[in-house]
Amino acid sequence: MTPSEEIFDIFDERMNPAGQASRSEVHARGLWHQTFHCWIVEPTDGDAVLLFQERHPGKDTFPSLLDTSCAGHLLAGEAVEDGVRELEEELGLNVPFEALIPCGLFAEEDVISESCIDREFCHVFLHVNRQPLTRYRLQPEEVTGLYRIPLEQVRKLAQGILSEPIRIDGVALNENGMPVPVERTVGPADFVPHPGAYYELVLKVIDRIGKSAL
């Protein structure tokens, strides 16, 4: 463990506290830890869209894949409310925790390799935002793009029936680190393989709050 390495609270599979460990040890041993996830939903004239971030190619888990709008680990001693900092760090959004819509807690286990097992208790939230994609301030060390995906396609992804490539629009960082409009074609292999139940947490909340709230 290096002096600057992040330290996480760790838990057993029932979320009982079990001490603390470094980030590298957590992933090497497959220890349960906490993360903060926030999905940005953007209202449109038709179907609303969810924003997916493109993970930096240097990430230790799921590099270059499309993932939750904003996410990060909770450090040792932090409360869920502290995770709101990730919105400002990754997307440049200054949002009070009270403005987020809770979706629930999701326990996710991903076996990345023999030496990397990611077991997370994900605290999942939703935030409604109408600003243009070019106004987001992406953190270049973490996020290389931000893409709009209609809820209809997200539902197919959750159900495992997104079989055909889809055309999506978004922004990606250029050589100067500025977000510029882009379009690309993606398929299921371009997304972090979250279970369908994970997406359903968010989709159920969107359905519950209704179109009028968007």
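The values are calculated or read from the model by the stated rules, or taken from the named source; none is laboratory data. It should be emphasised that the depicted structure is a prediction, and the values quoted were computed from it without experimental measurement. Cβ atoms come from the backbone with ideal geometry, glycine included; neighbour counts cover every protein chain shown. The area values use the complete protein model at the heavy-atom level, side chains included, leaving out ligands, DNA and RNA. Shrake-Rupley method; radii C 1.70, N 1.55, O 1.52, S 1.80 Å.
One table, with the values for the structure above:
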| read-out | value |
| --- | --- |
| Residue satisfying all of: in the stretch 69-97; small (Gly, Ala, Ser) and either closer than 20 Å to His56 by Cα or without any contact (Cβ under 8 Å) to a residue 60 or more places away in the chain (or both); surrounded by the most Cβ atoms within 10 Å (Cβ to Cβ) among these | Ser69 |
| Tally, over the stretch 20-42, of residues that are surrounded by 15 or more Cβ atoms within 10 Å (Cβ to Cβ) and either touching a Leu at 6+ places or on another chain (Cβ under 6 Å) or among the hydrophobic types (A, V, I, L, M, F, W, C) (or both) | 10 |
| Residue ID - nearest to Gly210 (Cα to Cα), chosen from residues in the stretch 98-121 that are among the acidic types (Asp, Glu) and open to solvent by 20 Å² or more (accessible area, probe 1.4 Å) | Glu98 |
| Exclusive hit being under 16 Å from the mean Cα position of the chain (by Cα), open to solvent by 20 Å² or more (accessible area, probe 1.4 Å), touching a residue at least 60 places away in the same chain (Cβ under 8 Å) and under 22 Å from Gly210 (Cα atoms), set Val128, Val124, Val154 | Val128 |
| Residue among Arg184, Arg148, Arg208, Arg137 that is open to solvent by 50 Å² or more (accessible area, probe 1.4 Å) and part of a helix (DSSP H, G or I) | Arg208 |
